[in-house]
Amino acid sequence: MIRVSPTITIDERDIEEVFIRSSGPGGQNVNKVATAVQLRFDVRHARAITEDVRQRLQQLAGRRMTRDGVLIITAQKYRTQERNRQDALDRLIALINEAATRPATRRPTRPTAASRERRLEHKRRRSTVKGLRASKPSLD
């Protein structure tokens with residue numbers, strides 16, 4: 001079991017890891033060894049995630065989420081499989097933690113009396129300036 005937060009734990013069987021060849025520099029190591037990790041997590045069928053967290057996770061995942069509801073995270077930053085594996089898992093945990101926090105509800109506020117007065121004063125000044133720009137009769 002992977003502990004994401006005090007209330008969310010993910011079963012390791014829900015996570016599928018596939019090792020692929022990494023791109024970028026690295027010489028023969030890149031051509032021979034599959035060090036990159038592609039982590040797949042089925043969000044729709046995960047038992048540990050509540051429906052509201054699932055919806056926020058789908059929003060946050062964006063293009064990383066397939067149509068079938070599988071979240072794909074690819075990690076190839078490091079040269080070893082183990083570090084890339086840990087990096088992918090850390091990124092999954094961070095994404096789920098971010099989805100688990102509820103967004104703060106917006107409480108509508110009203111402008112203060114002073115800010116309204118400043119706004120109206122600014123409008124009066126601009127009106128005066130623009131009024132002074134009006135075409136004046138020439139003395140020619």
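The values are calculated or read from the model by the stated rules, or taken from the named source; none is laboratory data. Values in this document were obtained by computation on a predicted structure and should not be read as measured data. Note that we place each Cβ from the backbone using ideal geometry, even for glycine, and neighbour counts take in every protein chain shown.
To keep it simple, each residue is scored yes or no on (1) on the phi < 0 side of the Ramachandran plot; (2) surrounded by 15 or more Cβ atoms within 10 Å (Cβ to Cβ); (3) modelled with pLDDT of 80 or more.
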site: GLN38; (1), (2), (3): yes, yes, yes
site: ALA46; (1), (2), (3): yes, yes, no
site: GLY62; (1), (2), (3): no, no, no
site: ARG67; (1), (2), (3): yes, no, yes
site: LEU71; (1), (2), (3): yes, yes, yes
site: ALA75; (1), (2), (3): yes, yes, yes
site: GLN81; (1), (2), (3): yes, yes, no
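Pairing each residue of region 40-65 that is free of Cβ contacts under 8 Å to residues at least 24 places away in the same chain with any residue that is in a helix (DSSP H, G or I), provided the two are 6+ apart or on different chains, yields C-beta distances under 7 Å for MET65/GLN58. With respect to being at pLDDT 80 or above, out of contact with any strand residue (DSSP E or B) (no Cβ under 8 Å at 6 or more places or on another chain) and surrounded by 13 or more Cβ atoms within 10 Å (Cβ to Cβ), ARG91 falls outside the description.
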